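Working notes, beginning with the structure itself.
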Amino acid sequence: MSKRFKIEIEYKGTNFSGWQIQPNAHTVEGELEAAFRTVLQEPIDLIGQGRTDAGVHAKGQVAHFDLKKDFESKKLIRAVNSLVSDIYITSIQEVDTEFHSRFDAISRSYTYTVLKYPSPIKEELGWFPGFSLDIYKLQECASLIVGEHDFEGFSKYNEENYTTICTILKAEWKERNEEFNFEIEANRFLRNMVRRIVGTTCEVARGRLTMVDFMHMLKNKKGALPNYTAPSKGLVLQKIKFKKMG
């Protein structure tokens, strides 16, 4: 009888075409499944809690897989980690066979880093937009998106979406010496949603768009105004929260 295992993964997404396996593309899921197949001498099917786009990073990605054979977690982690690049499995643990990494997730948290100055050291993990930002306007935009809203105007079309309504549990901008950090938690996210929120918010904070423009977009007037998409390199999936089993 198969057992189910939950794994937590950290990765730098710079050199990947996202999480999900795609034809003729280098993906996180694909590289991990190949490494597991080499170590275990049998294929596994990793089920991730959700996708991350090309270039997006993760500190707390979660997936699960089923396996009949026994193994020692520490040895398996060490062996798989030795075969992958820019990926690190932080834990593997047995969970209830009813656990599902996607359907049992109740919230996801992301951060986005906007740099105040060009930085060769930070450029793979942050975006320097080339203009100054008003922190108060950033914070005001963030306060407007908290709660339940239709984010069609802030997302890329995806035919798999059954709804474009999401509930934002937290949205906050923090200013530090060399950067601005955006923290957002929601029950679900749409494709490109966080990056479009960040990019459009930055246009408000630089004065190119008004707060009224931003509110119009939030009211789902899709196409009435252009949205702006921040680069993927500043985005990090931080944490997944799950409902309690049993």
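The values are calculated or read from the model by the stated rules, or taken from the named source; none is laboratory data. Quantities reported herein were computed from a predicted structural model and do not represent experimental measurements. Positions of Cβ are generated from backbone atoms using ideal geometry, with glycine treated the same way; all protein chains shown enter the neighbour counts. Ligands, DNA and RNA are stripped out before the accessible areas are found, and what is left, the full protein with its side chains, is counted by its heavy atoms. Shrake-Rupley method; radii C 1.70, N 1.55, O 1.52, S 1.80 Å.
Using the beta-carbon distance between residue 81 and residue 187 and R0 = 45 Å, what value does 1/(1 + (r/R0)^6) give for FRET efficiency, to the nearest 0.05?
FRET efficiency, residue 81 to residue 187: 0.90.
Using modelled backbone amide H atoms (1.01 Å from N, in-plane), which distant-in-sequence or interchain residues come within less than 5 Å of residue 17's amide H?
Here 26, 27, 28 satisfy the definition.
Run the numbers on the range 52-153 and let me know its relative contact order in percent, using alpha-carbon pairs under 8 Å that are six or more apart.
16 percent.
How do the peptides 20-33, 226-239 rank, highest first, by the average count of neighbouring beta carbon atoms within 10 Å per residue?
For the peptides 20-33, 226-239, the packing ranking is 226-239, 20-33.
Any idea what the relative contact order of the range 62-219 is, in percent, if you count C-alpha pairs under 8 Å spaced at least 6 apart?
Across the range 62-219, relative contact order equals 24 percent.
Determine the calculated [θ] at 222 nm for the chain from helices alone, applying -39500 (n - 2.57) to every DSSP H run no shorter than 4 residues and normalising by the residue count; nearest 500 deg cm²/dmol.
-7000 deg cm²/dmol
Rounded to the nearest percent, how much of the accessible area of the range 164-210 (1.4 Å probe, protein heavy atoms only) is carbon and sulfur?
36
Which of the aspartates and glutamates could a cross-linker bridge to residue 12, judged by Cα under 16 Å and excluding same-chain residues fewer than eight apart?
29, 31, 53, 86, 123, 124
Label points 7 Å out from Cα along the Cβ direction at residue 150 and residue 72: separation in nm?
In this crude label model, residue 150 to residue 72 measures out at 5.7 nm.
Hey, got the dipole for the chain? About the Cα centre, +1 on K and R Cβ, -1 on D and E Cβ, debye to the nearest 20?
Computed about the Cα centre, the dipole is about 200 debye.
Ordered by packing density, taken as the mean number of other Cβ atoms within 10 Å over each peptide's residues, highest first, how do 6-19, 57-70, 115-128 rank?
Those peptides, ordered most packed to least, come out 6-19, 57-70, 115-128.
Taking a threshold of 21 Å on the Cα-Cα distance, which of the pairs 6/74; 156/239; 6/69; 75/243; 68/239; 59/241 fall above it?
Distance filter (> 21 Å) returns 156/239; 75/243; 68/239.
For the range 171-244 and the range 63-81, compute the distance between their C-alpha centroids and round to whole Å.
36
Restrict the search to the range 161-207; then list the trypsin sites (Lys or Arg not before Pro) that DSSP places in a loop and that have at most 13 other Cβ atoms within 10 Å of their Cβ.
176
Taking the Cα centre of the range 28-88 as origin, work out the dipole magnitude from +1 charges on Lys and Arg Cβ and -1 charges on Asp and Glu Cβ, in debye rounded to 20.
Dipole of the range 28-88, to the nearest 20 debye: 240 debye.
Among the aspartates and glutamates, select those whose C-alpha is under 12 Å from the C-alpha of residue 116, and discard any that sit fewer than 8 residues away in the same chain.
134, 175, 178, 179
Which distance in nm do the two modelled labels at residue 140 and residue 93 give, with both placed 7 Å along the Cα-to-Cβ direction?
Going by the 7 Å Cα→Cβ label model, 4.4 nm.
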